[in-house]
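Read through the structure below, which is laid out as structure tokens, and then see the notes.
Read the figures in this text as sums done on the coordinates, not as results from a lab. On a predicted model such as this, the values are computed, not experimentally measured, just so you know. Please note: Cβ atoms are built from the backbone with ideal geometry, for glycine as well, and neighbour counts cover all protein chains shown.
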Amino acid sequence: MRLTLTVNGDVLTADRVPPGISLLTALREHFDLPGSKNACEQGECGSCTLYLDGEPVCSCLVAAGQAQGREVRTVEGLAAAEGVPGAVQQAFIECGAVQCGFCTPGLIVAVDALVRRDVELDDAVVREELAGNLCRCTGYEKIIDAVRVAARHVREVAA
């Protein structure tokens with residue numbers, strides 16, 4: 001099938017996309033966007049989280065055809081500019097919230113969605129909001145630190 005999406009602000013088209021593949025697979029294999037990771041393929045780990053029409057989703061659970069004509073924003077689209085990390089990406093770097101990096105793209109998207117909402121970011125709220133994103137390496141403390149730093153960066157940019 002032919003698949004046309006608006007990805008990170010650009011209209012992209014891929015031909016010969018096999019029917020039934022996931023949006024995650026289509027992005028990685030047909031649009032050359034490897035940022036979102038393929039871990040569980042069951043929507044349990046959050047490694048493939050991206051924005052679909054402005055809402056965070058596990059892209060492994062979305063059939064590519066369901067995304068036809070829709071807006072997708074991947075972790076690559078969260079950069080401030082080409083080669084310049086965005087607020088959340090920079091916070092992860094500053095706080096050392098990355099180890100193996102497999103969960104990082106999905107966590108960055110989930111944290112981006114979280115810090116852009118007007119919610120109190122205490123530990124309990126952050127842990128609950130990020131419960132759909134599993135990390136086997138960090139123990140989450142540095143990720144929680146990155147949430148706080150990212151929220152500060154986002155507020156500074158908005159001010």
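Pop out the ³J(HN,Hα) list for segment 86-98 in order, Karplus 6.51 cos²θ - 1.76 cosθ + 1.60 with θ = phi - 60°, rounded to Hz; leave Gly and Pro as x.
Per residue, the Karplus-derived 3J(HN,Hα) values read x, 4, 6, 4, 5, 4, 4, 5, 4, 8, x, 8, 10 Hz.
At 10 °C and a viscosity of 1.306 mPa s, what translational diffusion coefficient does Stokes-Einstein give for segment 77-148, taking Rh as the Kirkwood radius over Cα pairs? Give it in µm²/s as a whole number. Walk me through the intermediate numbers first.
Values: Rh = 12.2 Å.
For the chosen part, D equals 130 µm²/s.
In what order do 141, 120 fall by count of nearby beta-carbon atoms within 10 Å, going from fewest to most? Please list the in-between numbers first.
Numbers: 141 11, 120 7.
Ordered from fewest to most neighbouring Cβ atoms within 10 Å, 141, 120 come out as 120, 141.
Largest first and in whole Å, what are the equivalent-ellipsoid semi-axes of the chain based on the Cα gyration tensor, each being the root of 5 times an eigenvalue?
Values: eigenvalues 147, 56, 35 Å².
Ellipsoid half-lengths, sorted descending, are 27, 17, 13 Å.
Could you go through segment 105-116 in sequence order and give the Karplus-derived ³J(HN,Hα) for each residue, using 6.51 cos²θ - 1.76 cosθ + 1.60 with θ = phi - 60°, rounded to whole Hz, and x for Gly and Pro?
Using θ = phi - 60°, the values come out as x, x, 5, 4, 5, 4, 5, 4, 4, 5, 6, 8 Hz.
Under the rule of -39500 (n - 2.57) per DSSP H run of 4 or more residues, summed and divided by the residues of the chain, what mean residue ellipticity at 222 nm is obtained, to the nearest 500 deg cm²/dmol?
Working: 5 runs with 54 residues, N = 159.
Rounded to the nearest 500, the figure is -10000 deg cm²/dmol.
Which ³J(HN,Hα) values, rounded to whole Hz and listed in residue order, are derived for segment 36-41 from phi using the Karplus coefficients 6.51, -1.76 and 1.60 in 6.51 cos²θ - 1.76 cosθ + 1.60 with θ = phi - 60°, glycine and proline given as x?
5, 9, 9, 10, 9, 6
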